[in-house]
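The values are calculated or read from the model by the stated rules, or taken from the named source; none is laboratory data. What you are looking at is a predicted structure, and each value in this text was computed from that prediction instead of being measured. Cβ placement follows ideal geometry from the backbone for every residue including glycine, while neighbour counts extend to all protein chains displayed. To get the accessible areas, we keep the full protein, side chains included, count just its heavy atoms, and leave off ligands, DNA and RNA. Shrake-Rupley method; radii C 1.70, N 1.55, O 1.52, S 1.80 Å.
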Amino acid sequence: MGAKGLRFNSKTIHGGQHPDKAYGAVMPPIYQTSTYAQATPGGHQGYEYSRSANPTRTALENSLASIENGNYGLAFGSGLAAIDAVIKLLSPGDEVISTNDLYGGSYRLFKMVFEKFGITFHFVGMQNADKIADYINGKTKLIWVETPTNPMMNIIDIVSVAHLAKKHSVLLAVDNTFATPYLQQPLDLGADIVMHSATKYLGGHSDVVVGALVVKDKALADQLYFIQNASGAVCGPMDSFLVLRGIKTLHIRMQRHCENGRAIAQYLRSHPKIDKVYWPGFEDHPNHHIAKSQMKDFGGMISFVPKGANYEDAVAIVEKLKLFTLAESLGGVESLAGHPASMTHASIPKEEREKSGVVDALIRLSVGIEDENDLIADLEQAIG
Ligand SMILES: Cc1ncc(COP(=O)(O)O)c(C=O)c1O
C-alpha cells in the first residue's frame, strides 16, 4: 500500500501495513516464535532469530516510521532501552547537551550509567535555544530535547535547535513521548532521531512497556539496528502487537486528550485554591507561540501547584482523587495523577529538581479520555 502519500489519520491505521502473507490476516499475527526454519543454511524468508527481527515487531517498526514521517523505525523493550541505544552511538570523551527538565529516568540513565563510561552530559535550560550554543564544543555529538518537557511542560523550539545542531554537525534527538506525532513531527522540523516511550500515548491503554526510535537517514538507522541487535533490548511480539493496535486509534484518542486537557487546564487556572498551572496552551505560557507553531494542539498533560505550595496539601489532593488514579506513567485512556517529586522524578536530586520548578507540591495530571465533566467533578471534590 502506498501509505506514504496518506494523511496522518490514515497513516495511524495503514502506514507501512500489509495483509499477512500466510492467510491475509488484516491485523499482523503475534508471531510468538524465537526462531525460523531454514531450508538450507541461510535459506530463510527474511527472519532468522527474533532478537534480530520478528514479523510482528517489523509491522510495528514500519508503522512507527510512517507516523513520524521517517524511513526507519526501531522498537525496544522500553523507552529507556531506546534512549540507551541512542547513547551507545557515542564514544568515551563525547559530550551531550540535554534539556535540564526531563524525565527522571532519562536523567538517571545519563548521569548514573553513561557518565562512568566517559560521556559528559550538560543539563541546560533550553527555552531559549541560543543558550545551547555556549555548551557546544568539538566533543559535542548529541543534543537531547524533550518537548513539552516532563513535568514542567516547557516548550523547546525544535527548528531553532535543529538549525544549531546542523551548523555544528551534532545529532539532534527529540523525545516525542508527550506530544506524539499527532501533535508534532520532529523529523520534519529538522531532528535526526525521534524517540518514544511507546508505553504512553502510542500504546495508549496502560498495558505495555515499549520504546521506539525513528530516523530518516539510512546510515544512522544501520548503526541503530546494529546496536538494537547487539545489545538485544527488543520488545516481544505480544507487546509489538499491543502498540500497533494502540497506534490505530492514536489520532482520535489524542483529539479527546487535547479537548479534555484544555477544559481541565482552564478549570484549574480559575480555581481559587490553585496557584500555578503549567500547560502550553495558555497564551501567557512562555514559548506558547512556539508551541502553537510546532504543535497541532496542546495535549493532555498538565502540572499544577496548590496555593501555599504545601507538600501536605498536594498529597491530600492526590489521595482524595477517585476517577484520576494516583499512579506512575501517563498517556493511557484513563486519567492518572502523579507526584513527580516522589514518583517519576525521585531520581533527580532535590536541588536539581527544584531549579527547574519540580517542587514538592507539584502535581502532574495525565488527562484521559473520560467525560470532562466527571474529571472536573473529581478534581472539585479533591481540591475542595
Ligand atoms: C518523556 C519520557 N521519556 C522516556 C520515558 C521512559 O520510558 P519507559 O518507561 O517506557 O522506559 C518516560 C517514562 O515515563 C517518559 O515520560
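Observations, loosely collected:
- Unique residue being part of a loop (DSSP other than H, G, I, E, B), without any contact (Cβ under 8 Å) to a residue 60 or more places away in the chain and surrounded by fewer than 23 Cβ atoms within 10 Å (Cβ to Cβ) when the list is 357, 308: 308
- Residue in region 137-154 that is of a type in the set (Lys, Arg), within 16 Å of the ligand (Cβ to nearest atom), modelled with pLDDT of 95 or more and surrounded by fewer than 22 Cβ atoms within 10 Å (Cβ to Cβ) present: no
- Here residue 127 passes the criteria (1) open to solvent by less than 70 Å² (accessible area, probe 1.4 Å); (2) more than 16 Å from the ligand (Cβ to nearest atom); (3) under 23 Å from the mean Cα position of the chain (by Cα) except the one numbered (1).
- The C-beta contact set for region 290-304 (first residue part of a helix (DSSP H, G or I), second residue of a type in the set (Asp, Glu), distance under 7 angstrom, 6+ apart or interchain) comprises 290/157.
- Cβ pairs under 6 Å, 6+ apart, first in region 191-212 and of a type in the set (Lys, Arg), second assigned to a loop (DSSP other than H, G, I, E, B) and near the ligand (Cβ under 9 Å from one of its atoms): 200/177; 200/330; 200/331
- Selection status of residue 113, at pLDDT 95 or above and under 16 Å from the mean Cα position of the chain (by Cα): no
- Options 181, 148; residue that is assigned to a loop (DSSP other than H, G, I, E, B) and not β-branched (Val, Ile, Thr): 148
- Hits in region 159-186 - residues which are closer than 20 Å to residue 70 by Cβ, more than 15 Å from the ligand (Cβ to nearest atom) and in contact with a Leu (Cβ under 9 Å, 6 or more places away or on another chain): 159, 161, 162, 165, 166, 170, 171, 172, 182
- Total residues in region 1-55 satisfying the condition of being surrounded by fewer than 16 Cβ atoms within 10 Å (Cβ to Cβ), of a type in the set (D, E, K, R) and under 22 Å from residue 246 (Cα atoms): the figure is 2.
- Search result, residues across region 277-305 that are within 19 Å of the chain's Cα centre (by Cα), of a type in the set (Phe, Trp, Tyr) and open to solvent by less than 10 Å² (accessible area, probe 1.4 Å): 279
- Hey, residue 206 of a type in the set (Ser, Thr, Tyr) and over 22 Å from residue 146 (Cα atoms) or not: no
- Within region 209-262, being of a type in the set (Val, Ile, Thr), within 16 Å of the ligand (Cβ to nearest atom) and open to solvent by 10 Å² or more (accessible area, probe 1.4 Å) holds for 209, 234.
- Within region 124-145, being over 16 Å from residue 93 (Cα atoms) and part of a loop (DSSP other than H, G, I, E, B) holds for 125, 126, 127, 128.
- Single residue of 114, 121 found to be in a strand (DSSP E or B) and either within 16 Å of the ligand (Cβ to nearest atom) or open to solvent by 40 Å² or more (accessible area, probe 1.4 Å) (or both): 121
- Scanning region 73-111 for residues that are away from the ligand (no atom under 11 Å from the Cβ), basic (Lys, Arg) and in a helix (DSSP H, G or I) returns a single hit, 111.
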